[in-house]
Every structure is written in structure tokens, then in C-alpha cells.
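First comes the structure, then the notes that go with it.
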Amino acid sequence: MQTSNHSFRLRTLAGLLMGTLALAAGCFSPWVSSDDPTVKREQIKDVLQSDKRPRIVGDIAYERMITLARLENIALVTQLPSTGGKVKPSQPREKMLDIMRRYEVNQPNSFLDDPSTAMVVAHVIAPPAARKGETLDVQVQLSAHGEATNLRQGWLMKTSLVEMSKLGGTVREGFEFATGQGQVVTAAEINGSDNPLDQTRGVVVGGAKLRQSRELGIGIETEFADAITMAAILPAINGRFTFFNGRKQAGIAVPMDDGHLKLEVPPRYYLDSFHFINVVLKIAFNETESQRLERVEQLRKNLFEPTTVKDACWQLEAMGESGIPALADALNSPSSEIRFYVAHSLAYLNDKRAVAPLAALCLSQPAFRAMSLNGLAIIEHYEAADALAELLHAADPETRYGAVRALRHRDARDPQVSGQAVGETGTILQIASAGPPLIAVSLSQVPEIVIFGDNPPLQLPSFEYVTPKMMINTQPDGKVTVSHFEAGKDDRQVHTTADLRSLLTAISEVGGTYGNWVSFIREASQKGYLAEPIALNPIPEAGRRYEREQETMLEPGEKAFSETAAPMPTDSRVWYNPTTWWN
């Protein structure tokens with residue numbers, strides 16, 4: 001889609017330039033880029049001053065680096081309970097041996113083939129404009145050359161994660177963009193599967209840290225790539241967006257050459273670089289005041305049409321505060337889609353009028369839930385924090401746990417969403433809630449269990465196994481003992497009470513992992529020991545399909561008196577990109 005759009009822009013620009021130069025010369029003449037930079041510059045000046053000149057940055061520019069990056073490497077998982085295995089002779093084996101020798105590992109061949117060790121492929125997916133220090137999840141998969149049978153209980157050793165590329169048929173490693181390590185949670189622990197493949201793949205929740213930020217920028221179309229174009233668009237972009245560079249407020253755009261601008265993402269847009277780049281491309285740089293006013297009037301009309309509202313919101317948001325009145329006028333539309341786009345842009349303009357519609361959309365529209373929560377997370381007004389706190393009591397698990405993360409984004413030290421770390425296993429957070437009870441299990445960014453409501457009791461049998469070597473023994477008085485037996489080590493036992501929080505703490509204290517927490521909660525629910533409902537990774541997904549309703553459109557100034565029925569979206573799980581939202 002992006003390639004075809006880019007080609008379309010090139011054809012459009014070529015036509016614009018050809019037509020403009022024909023008018024200037026009095027006859028039709030094609031746009032020919034001269035080898036003489038002075039001639040080319042004069043041609044660009046003529047186009048930028050013509051009646052049909054480009055007025056929006058996106059007319060002559062396009063997004064760069066708005067991609068996902070896969071960072072990967074071979075790695076070792078250790079501490080396995082004799083479920084590891086040998087690694088077959090291969091190039092990856094030799095590479096791992098070289099890494100081990102570099103770190104002066106004793107007897108690397110024996111260590112690599114030990115039953116407690118498995119060689120895996122580890123990777124992370126880094127989003128566009130990801131910042132140094134950002135936390136990512138590490139996906140692990142048994143190497144095709146490994147003979148391990150299960151990664152359960154395993155620990156991913158510290159691993160360099162790099163970009164891989166092919167050059168002349170040879171795989172080359174790039175810069176170390178991230179490092180990953182931590183407890184492996186297998187797919188089988190998550191879903192209860194007996195499939196051998198699920199036992200040899202998993203995730204290290206929040207196990208990677210980026211060592212270098214990913215760049216974001218815009219490119220200038222070849223016909224306009226020149227210092228004179230940069231001089232025209234730079235003041236417009238930097239006049240609209242600034243950031244604190246450690247010493248002072250500075251413009252976000254820095255020219256790298258005549259055809260490439262590097263962009264610094266302002267903090268307000270950290271959660272959504274896709275939205276940010278689209279707004280930058282809608283910044284006006286070459287229009288008169290009368291043309292701006294004429295465009296605003298047209299945008300006011302476009303706000304009330306679902307097929308044009310998204311682009312209209314981006315353009316008005318790109319104007320900054322002057323775009324707020326037009327956006328606010330459309331907040332009362334009966335269309336959920338229109339209300340979302342309008343409120344979403346108002347949130348990025350820090351307008352508190354976006355709070356109520358975004359909170360309502362969280363509850364009623366799954367397709368807009370993730371980005372509505374983002375909007376509530378960035379509005380610097382107490383009403384947004386209050387709305388998120390109220391959503392902690394909602395019935396929908398995604399809304400409740402999404403509100404936890406949104407509140408944490410606003411203030412990482414917020415006591416209402418600050419859990420208690422239990423050793424190195426994970427975090428337990430309990431939230432007093434007026435809503436229905438819920439146990440949320442995180443499988444992304446942070447290993448945590450969130451208990452909404454009271455700490456639930458468990459009705460356990462006399463004996464229950466957490467793992468083949470870890471068991472729970474229930475005494476006649478209702479107290480329980482969690483025991484861990486492992487060859488060559490002292491037996492570990494903890495006496496506690498039969499409630500979820502106490503049992504999770506005990507499992508950790510006898511040497512349990514976060515994967516043990518996940519599988520124990522899932523199995524306790526399936527077997528009826530835990531009455532409260534559970535939700536595995538109830539994080540709102542962005543990019544879901546929205547089925548547009550047949551709604552009566554309002555004219556500017558009209559009032560909406562009723563709410564139409566909510567559509568049933570298709571739960572398609574794709575990475576968020578506003579250009580993929582269905583029109």
C-alpha cells in the first residue's frame with residue numbers, strides 16, 4: 001500500500017511540475033531535473049510560487065523508517081530440569097561456541113550439550129521510533145539444530161540482539177540494538193497445550209532493553225530535494241513541534257541532506273509514532289492566510305463525513321491550537337467513528353473535552369479502545385486521570401487492564417497501579433474494585449498478576465502439582481505447604497494460606513518462575529479451584545477492523561439526541577497503523 005501511494009505521489013508531482021512549467025514557459029514542457037543545481041533550484045522556486053503549488057508537507061514528502069525492526073540472535077537457555085539437549089554440528093553451533101569462548105566459558109562444548117541447556121533463536125520486534133531503554137518482549141524458539149524437549153523453567157542468558165541482513169548470499173550482523181535475558185514462559189504454560197512445539201517456544205516478558213533509539217524521519221520527493229525546499233518546510237515543522245533537548249526547547253526536524261529530515265518524536269507522541277508522522281505530513285508550509293481559512297472551512301465539513309474525517313483531523317491537529325475550535329464542534333456527532341477521530345486529535349492537543357468521549361469509546365468500541373486509552377494517558381488534566389481510575393471498575397478486562405497501563409504511563413509512581421515485586425519472579429498488584437472480580441495475567445512488557453477486587457481463596461485438593469517437582473499439600477486445617485524437590489539440592493518448603501496472593505508468593509519462594517505462576521493460575525481456573533474469572537494478557541489491540549454503521553450525519557451545530565447501536569468489530573490482530581484502518 002505504501003509503495004503504491006508513493007508512486008501515486010510521484011506521478012502527481014510530475015504532473016504538477018510539468019503543468020506549472022508549461023504555464024511559466026507559455027508551452028507544454030516536461031519536468032526535467034537539470035544536472036545544474038542552480039537551474040533545478042530555479043525550477044523548484046517557480047513551482048513553489050505557482051498557483052497550483054504544493055501547500056502541505058505531505059504533498060512533496062513521505063514517511064521514512066516507519067517500520068518494525070526484527071532484532072535476533074542465537075542464545076542459550078539454562079537451568080532446565082534435564083529437558084535440554086545436544087546441539088547438532090552446524091554453523092550456528094560453531095557461532096555459539098565462538099561466543100562462549102569470547103566470554104571465557106569453561107568447557108564450552110560440554111556446557112552447550114548439557115541436559116540443563118538448550119540453544120535457541122531469540123528475537124524482539126522493535127516498533128518505529130522506539131527509544132533507548134525501552135522494554136520489549138523476547139520471543140524464543142528452539143534452534144533447528146537443538147535436541148531439547150522443553151524450555152519450561154528455563155532462563156535465557158544475556159544475549160545480544162542485532163539486525164540481520166544478507167549481502168552477497170552471506171548473513172551479516174549489524175549493530176547490537178538490544179540485549180535480552182530472563183525467565184522463559186513457554187507457550188504450553190500459557191495455553192496448556194501438549195504440542196511439543198509449544199513446549200519449545202515461549203516469551204521472556206519484558207526481557208529486552210533497547211541500547212539505541214530507532215530513528216524516524218521524512219523523505220523529500222526527488223523532484224523537490226534541495227536546500228530551498230528544506231528552507232520552506234523546516235520553519236513550518238519546527239514552528240509546530242518542539243522538544244526539550246536537555247538544554248532548551250528545540251525544533252524536532254533536523255536536515256540530514258537535501259532529501260531527508262530526521263524527526264525527534266515529542267513526548268506526547270511516544271505511544272504512537274504512526275499518528276505522529278501522519279500529523280507532521282499534514283503541516284501546511286506554503287499557503288496564504290486566505291487559503292488557510294478556506295481550507296479550514298472545507299475541513300469543518302469533512303469532519304462530519306466518515307470517509308474524510310481521519311484526514312481532516314490530522315490536518316486540524318497539524319495546525320495546533322488554531323485547529324481546536326473546528327474539532328470541538330464535531331464532538332457531538334452521533335457517529336462513533338467521527339467522535340473517536342475528533343477526540344483522539346483533541347487529546348494530542350491536550351484539550352480536556354476529549355476525556356468524556358474517549359472514556360465512553362473505551363467501553364463501547366473495541367476497535368477504538370487501545371487508541372482511546374492512549375489519548376486518556378496523555379491529556380494533562382486531572383479529569384483524564386479520574387476517567388482512567390473509573391475505568392478500573394469496568395466489566396471488560398481489556399478496558400480495566402488497559403487503564404492500569406495508561407495510568408502507569410501518566411505516572412509510573414502512581415500508588416493505585418504500583419504492585420509489589422516478589423523476588424525475581426514477577427509483581428502482584430491488587431486493586432480494590434467496585435466492578436466484577438478479575439485476575440489479569442500479563443504476558444507483555446511486565447511480568448505481573450493484577451487482582452481486581454478481593455484476594456481470592458482457592459479450594460484445593462489434598463495434593464496438587466505445580467510442576468513435576470513442585471507440589472501443594474493441603475492440611476486438614478486448611479493451611480497449605482508448597483514444596484519443591486530437586487536432585488542435588490535441599491528440599492524447599494513454605495507454609496502459607498490457601499489464597500491466590502499467598503500461594504503465588506510461596507511458589508516464588510521455593511524457586512518457582514513466572515511461567516509457574518501463569519500455568520498455576522490457568523490450571524486452577526480450569527479445574528475449578530479458583531472461582532474468579534481470569535484473563536490472559538488482556539491488552540487492547542490496536543488496528544482492529546471497525547464496521548462502519550449506517551448513521552445519520554449531522555451538520556455543524558446540530559445536536560445528537562440518541563446513540564446508535566455499537567457495531568461488532570472483527571478481532572484482527574495487526575500492528576497499529578492509522579493507514580490500515582478501514583474507511
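The values are calculated or read from the model by the stated rules, or taken from the named source; none is laboratory data. What you see is a predicted model, and the numbers here were worked out from it, not measured in a lab. Here Cβ is always computed from backbone atoms with ideal geometry, including for glycine, and neighbour counts include all displayed protein chains. The protein model used for the area step is the full one, side chains on, heavy atoms only, and it has no ligands, DNA or RNA in it. Shrake-Rupley method; radii C 1.70, N 1.55, O 1.52, S 1.80 Å.
Report the convex hull volume per residue for region 206-307, counting only C-alpha atoms, in Å³.
Working: hull volume 17.9 nm³, N = 102.
Dividing the Cα hull volume of region 206-307 by its residue count gives 175 Å³.
Quick one: pull the percent of accessible area on region 167-257 belonging to carbon and sulfur, 1.4 Å probe, ligands and nucleic acids left out. Spell out each step's value before the answer.
Numbers: 2200 of 4180 Å².
Of the solvent-accessible surface of region 167-257, carbon and sulfur hold 53 percent.
Can you report the principal axis dimensions of region 88-227 using only the alpha carbons, biggest first, rounded to whole angstrom?
Between the extreme Cα coordinates on each principal axis of region 88-227 lie 62, 35, 26 Å.
Just want to confirm a number: the relative contact order over region 444-555, from Cα pairs under 8 angstrom separated by 6+ residues, in percent.
On the way: 124 pairs, mean separation 23.3, N = 112.
Relative contact order here is 21 percent.
Which of the trypsin sites (Lys or Arg not before Pro) found in region 36-95 are in a DSSP loop and have at most 15 neighbouring Cβ atoms, other than their own, within 10 Å?
On the way: sites: LYS40, ARG41, LYS45, LYS52, ARG55, ARG64, ARG70, LYS86, ARG93, LYS95; in loops: LYS52, ARG55, LYS86.
Here the trypsin sites (Lys or Arg not before Pro) that fit, given the DSSP loop and packing criteria, are LYS52.
If you average the C-alpha positions of region 489-519 and of region 52-95 separately, how far apart do those two centres end up, in angstrom?
If you average the Cα positions of each part, the centres end up 35 Å apart.
How many times 2.2 N^0.38 Å is the alpha carbon radius of gyration of region 41-149? Let's see the in-between values first.
Working: Rg = 24.7 Å, N = 109, 2.2 N^0.38 = 13.1 Å.
Scaled against compact globular proteins, the figure is 1.89.
Counting only Cα atoms, I'd like the Rg/Rh figure for region 358-404, Kirkwood definition for Rh. Don't jump to the answer; show the numbers that get you there.
Details: Rg = 9.3 Å, Rh = 10.2 Å.
Result for region 358-404 is an Rg/Rh of 0.91.
Over region 85-164, calculate the relative contact order: mean separation of alpha carbon pairs under 8 Å at least 6 apart, over the residue count, as a percent.
On the way: 78 pairs, mean separation 29.7, N = 80.
Relative contact order, region 85-164: 37 percent.
Given bins 10 angstrom wide, list per bin the percent of all Cα-Cα distances in region 305-408, short to long.
The distribution over region 305-408 is 17, 51, 27, 5, given as percents.
Report, in degrees rounded to the nearest 10, the 0 to 90 angle that the Cα long axis of helix 397-410 makes with the longest principal axis of the chain.
70
Return one number: the angle in degrees, 0 to 90 and rounded to the nearest 10, between the long axis of the Cα atoms of helix 336-348 and the longest principal axis of the Cα atoms of the chain.
Taking Cα atoms only, the helix is inclined about 90 degrees.
For the chain, take the longest principal axis of its alpha carbons; what is the angle in degrees between that and the long axis of helix 366-378, to the nearest 10 within 0 to 90?
Approximately 80 degrees, to the nearest 10.
Set the Förster radius R0 to 51 Å, insert the Cβ-Cβ distance between GLU287 and VAL105 as r into 1/(1 + (r/R0)^6), and round the FRET efficiency to 0.05.
On the way: r = 64 Å, r/R0 = 1.26.
Using R0 = 51 Å, I get an efficiency of 0.20.
Report the chymotrypsin sites (Phe, Trp or Tyr not before Pro) located in region 456-503 that are in a DSSP loop and have at most 16 other Cβ atoms inside 10 Å of their Cβ, or state none.
Working: sites: PHE463, TYR465, PHE485; in loops: PHE485.
Passing sites in region 456-503 are PHE485.
ASP491 to GLU173: extension gain in nm, 0.36 nm per residue of separation minus the Cα-Cα distance?
Numbers: separation 318, 0.36 × 318 = 114.48 nm, distance 4.46 nm.
Contour length minus the Cα-Cα distance gives 110.0 nm.
Relative contact order (percent) for the chain, with alpha-carbon contacts under 8 angstrom and 6 or more residues of separation?
11
How much of the calculated P(r) for region 142-299 lies past 24 Å, in percent of all Cα pairs?
On the way: 7469 of 12403 pairs.
When all Cα pairs of region 142-299 are counted, 60 percent exceed 24 Å.
For the pair ASP386 and GLU297, what calculated FRET efficiency results from E = 1/(1 + (r/R0)^6), where r is the Cβ-Cβ distance and R0 = 30 Å, to the nearest 0.05?
Result of the calculation: an efficiency of 0.25.
Suppose R0 equals 56 Å; then what is the FRET efficiency for ARG70 and ASP477 from their Cβ-Cβ distance, rounded to the nearest 0.05? Working shown, then result.
Details: r = 54 Å, r/R0 = 0.96.
It comes out at approximately 0.55.
Using a Cα-Cα cut-off of under 30 Å, which lysines could be cross-linked to LYS52, ignoring same-chain neighbours fewer than 8 residues away?
Straight-line reach from LYS52, under 30 Å: LYS40, LYS262, LYS282, LYS301, LYS310.
Starting from one equal scatterer on each C-alpha and no solvent at all, send me the Debye-based log10 I(q)/I(0) for the chain at q = 0.07, 0.08, 0.11 Å⁻¹, two decimals.
The Cα Debye sum returns log10 ratios of -0.54, -0.68, -1.12.
With unit charges on the beta carbon (Lys/Arg positive, Asp/Glu negative), name the residue among THR242, SER165, GLY84 whose Cα is farthest towards the positive pole of the charge dipole of the chain.
SER165
Once you have the Kirkwood Rh of region 419-466 from its Cα pairs, apply Stokes-Einstein at 10 °C and 1.306 mPa s and quote D in µm²/s. Numbers along the way, then the final one.
Working: Rh = 12.3 Å.
Here the translational diffusion coefficient equals 129 µm²/s.
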